[in-house]
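Here's the structure we're looking at; comments come further down.
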Amino acid sequence: MTYSKLTGVSAFTIAVAGAATSAQAEDLTLCWAAWDPANALVELSKEFEAQSGHTMNFEFVPWPNFADRMLNELNSGGKLCDLLIGDSQWIGGGAENGHYVQLNDFFDAEGISMDDFAPATVYAYSTWPKGTPNYYALPAMGDANGWFYRKDWFEREDIQAAYLEATGQELREPETQRELLQIAQFFQEREIDGKTVYGAAIFTERGSEGITMGATGALYTWGFKYENEPGSYNKEGAVNSAEAVEALEFYKEFYETATPPGYTNAYMGESLDAFKSGQVALAMNWFAFFPGLYADPTTGGDKIDFFVNPPQNIAASTLGGQGISVVSYSDKQDAALEYIKWFADPEVQAKWWELGGYSAHNAVLNDPGFVESQPFARDFLVAMDGVQDFWQEPAYAELLLAMQKRIHDYVVADQGTAQEALDKLIEDWTEVFEDEGKL
Amino acid sequence: MSDKTVDRVAAATPVQVARKIRGLSDRAIAWIFVAPTIFLLLAINIFPLIWTIRLSFTNYKANRINREPEWIGLRNYERILTDSDIWLNMQSKAHFQFWTIFFQVLIGFTLAWLINKKFKGNDLWTTIIVLPMMLSPAVVGNFWKFLYQPQIGLFNYIIAFFTGKDPSSFEMLGQVNLAPWSIVIVDTWMWTPFVMLICLAGLRSIPDYIYEAAEVDRASKLRQFFTITVPMVLPFLMLAVLFRGIENFKMFDLVVQLTGGGPGSTTELTSINLKREAFEKWRTGYASAYAIVLFVTVFGLASIYVKALNKVKER
């Protein structure tokens, strides 16, 4: 911690000294994942280039390789990235391993207040240790896992009648996880316009984080917790509670009865493809993709609508999104901090939302016109109110890969029971925390 | 032996050249020439090996530069050898090794035997057969992934055509019982030509007069095959098995493209598991111990095999 603070103070000193002595134009490189919002950021950053005289370069890596590529870069002390929009789970490692510059002094000096940003995003994207006022990132991109569906199919009278006949209920946006499954099962292998369609595209990917992000969407709503008490690392009875077991069984049933054939290793890209090709009636994915989906000429516009991850026992959504950090190995920290200062400006944040980025700034989110600005804006606010995130510990990768393995073994490979999967997960996580000296 | 070589080189060196580097003994000159190779060998092979052995006794994590590694003795080895998941990975690997080599040898030898017959278009067929082996494993993995796709994949349609099943009723890459075989099929398709080429070299090295002598002795074709062809090709075949065995042990890219180790951990070969431990979980100490265990296993098996190969050659 001392080391990190020292790094932060040093960086800030260098930045101030740098700014005072010269306003030299720099070539800055911003690293992020290759996806729709990244393109919006390129557009947005042109304004920064015009204002500051700095040149922005971008290194965008596809999601499946993003963590591998960027964490390798950080661990090797690489200078490729001056700014990094890193995943929320990296914040612990970024802070403790000295990869990220601590931003407290910079925020104080520039009058940037974390109170101006949505509390859930500050907690998730910026702070380490969790909830403490030690900031290593500025909330850059709010995000959560949500759902979208074929509105045009839902509105068809023949389909509505068939659903009513099959279930005795009206076809509508689901209000519980069980109803969501029921709707997906209804569409599974149904003939629509002479084509066989399927229920829903969910996350089942094995290699990076896919199936964990998908399954936690169900687990959280059943009341799954990582620990009995926050910070205790006591997982017995929380991770493998009866509710968690039921939720995992539910996700497996969803996978087995309501997804397209061959859907064994699917994540964001596959979900988008399945929906855009008219293969599925519903799909889960990150809110970040919703602007692109709405704009899609084939399945967007009045053919699509969106909804928040439905509750079961409680309302909850899996957190996505990222904060923007200054990489401590960068030689251009002063210019990088300039970018963060510019990005934190409410006007820039408003433009960010306009271009398709998800601002976490209260000035944007609390604007009276926000909820009507996009068809998914209201859902985004609701989702962000109930987000839960995976471990953000420095050892998050070990914790994540253990969960990927246990969940995929049970859900997709049909090995063992949900109870066994979660019991084994506790064993894996306990071993990691013992190695970390936290147990 | 090396002294003699040095002497021979020294004797062959023109006097004028020798005078230019006066003051250096022949042995010193020999060392100067050999030193770069020895240095590279030490730097690239020996030092990393020793360093890996050292790390395997620690809890070192390459992503935790602020944390001093602790000496934990044999704990990493104990964990590896008692971890049931690792034994499952080993079983997956053994299954993959055995069946790929079995099919590659069987089909490769048969193809070589057929190609060795003189017929029209012989060269063209040889070229066509060796094409798969020229492709990148990542490319092969990608296009076989499409072929195995249950809704649009050609493979499923061909199987459905012969069996009458619904093409989307089975998932080669998604079902636990089929996924390992899907990899065996692709690897066999890709590398059988390699075995074929080596067998072909073996077949073409058998002098015709041996068969002519057998004909004179009225040996049947079957007897000629088992008493001449098979024994004379056997060293080549064993060499092909050795090459394929070593290559298959390192198999990574093809499997990552096809299944990513899934479904679950069904096709998570040791190489994939090792990569995850070392470069995704960053358990460097543990991964080092894992690598040493694999190294000892491969080295032991390869030594036994090479001894057997030498015995066959001596026969």
How large is the charge dipole for the stretch A:145-318, taken about the Cα centre, if only the Cβ atoms of Lys, Arg (+1) and Asp, Glu (-1) carry charge, to the nearest 20 debye? 300 debye
Partner lysines whose C-alpha sits under 23 Å from that of A:LYS303, ignoring same-chain residues fewer than 8 away, are A:LYS151, A:LYS195, A:LYS276
Ascending count of other beta-carbon atoms within 10 Å, so fewest first, for B:PHE102, B:PHE279: B:PHE102, B:PHE279
Shape parameters for the stretch A:215-340, alpha-carbon atoms, Rg then Dmax in Å: 19.2, 54
Cα centroid separation - the stretch A:362-427 against the stretch A:228-285, whole Å: 9 Å
Amide H partners (placed H, <5 Å) of A:ASN57, local residues excluded: A:LEU28, A:THR29, A:LEU30
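Are any of the pairs B:LYS93/B:LYS165; A:LYS405/B:LYS93; A:LYS79/B:LYS61 more than 26 Å apart by Cα-Cα distance, and if so, which?
Working: B:LYS93/B:LYS165 30 Å; A:LYS405/B:LYS93 18 Å; A:LYS79/B:LYS61 21 Å.
Beyond 26 Å: B:LYS93/B:LYS165.
Looking at the calculated P(r) for the stretch B:228-312, what percent of the C-alpha pair distances fall above 17 Å? Before the final figure, lay out each step's value.
Values: 2124 of 3570 pairs.
Tail fraction, whole percent: 59.
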Rounded to the nearest 5, what % of DSSP beta bridges with both residues in chain A are antiparallel? 65 percent
Could you list log10 I(q)/I(0) for the stretch B:154-293 at q = 0.14, 0.15, 0.20, 0.21 Å⁻¹, which the Debye formula gives when each Cα is one point scatterer? -0.85, -0.89, -1.12, -1.18
Sorted by chain and then number, the residues having a modelled amide H within less than 5 Å of the amide H of A:GLY146, at least 5 places away or on another chain, are A:ASN285, A:TRP286, A:PHE287
Cross-link partners among lysines for B:LYS221, C-alpha distance below 19 Å, same-chain residues fewer than 8 apart left out? B:LYS117, B:LYS118
Mind pulling the per residue volume of the convex hull built on the Cα atoms of the stretch A:364-439? Å³ is fine. 143 Å³
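So what is the 222 nm mean residue ellipticity for chain A from helices alone, if each DSSP H run of at least 4 adds -39500 (n - 2.57) and you divide by all residues, rounding to the nearest 500 deg cm²/dmol? Let's see the in-between values first.
Numbers: 20 runs with 213 residues, N = 439.
Per the formula, -14500 deg cm²/dmol.
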So what's the gap between the Cα centers of the stretch B:159-232 and the stretch A:188-210, to the nearest angstrom? 40 Å
Amide H contacts under 5 Å for B:THR58, placed H, 5+ residues apart: B:ILE72
Provide the per-residue ³J(HN,Hα) series for the stretch A:294-310, in order, calculated from phi with Karplus coefficients 6.51, -1.76, 1.60 and θ = phi - 60°, each as a whole number of Hz, with x at glycine and proline positions. 5, 7, 5, x, 8, 10, x, x, 7, 8, 10, 9, 10, 8, 6, 3, x
May I ask you to give the average projected area over all directions of the convex hull of the Cα atoms of the stretch B:116-194, in nm² rounded to one decimal? 6.6 nm²
If I measure Cβ to Cβ between cysteines in the protein assembly as shown, which ones have no partner under 4.7 Å? B:CYS199
Under the Karplus curve 6.51 cos²θ - 1.76 cosθ + 1.60, θ = phi - 60°, whole-Hz ³J(HN,Hα) for the stretch B:273-280, x wherever Gly or Pro sits: 4, 5, 4, 5, 5, 7, 10, 10
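Please tell me the relative contact order of the stretch A:229-352 in percent, rounded to the nearest whole number, where contacts are Cα pairs under 8 Å and at least six residues apart.
On the way: 39 pairs, mean separation 11.9, N = 124.
It rounds to 10 percent for the stretch A:229-352.
Cα-Cα pairs above 16 Å in the stretch B:78-149: how many percent? Don't skip to the end; give the middle numbers.
Values: 1791 of 2556 pairs.
In whole percent, the share of Cα-Cα pairs in the stretch B:78-149 beyond 16 Å is 70.
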Looking only at Cα atoms, what is the convex hull volume of chain B per residue, in Å³? 250 Å³
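For the protein assembly as shown, compute the orientation-averaged projected area of the C-alpha convex hull (one quarter of its surface), in nm².
Details: hull surface 180.9 nm².
That works out to 45.2 nm².
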In whole angstrom, how far apart do the alpha carbon centroids of the stretch B:74-89 and the stretch B:242-282 sit? 17 Å
Could you tell me what a quarter of the Cα convex hull surface of the stretch A:145-318 works out to, in nm² with one decimal place? 10.4 nm²
Chain B: relative contact order in percent, alpha carbon pairs under 8 Å with at least 6 residues between: 27 percent
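Any idea what the relative contact order of chain A is, in percent, if you count C-alpha pairs under 8 Å spaced at least 6 apart?
On the way: 793 pairs, mean separation 110.4, N = 439.
The value is 25 percent.
Here, each number is a calculation from the coordinates, and none is a lab measurement. It should be emphasised that the depicted structure is a prediction, and the values quoted were computed from it without experimental measurement. No Cβ is skipped: glycine too gets one built from the backbone with ideal geometry, and neighbour counts run over all protein chains shown.
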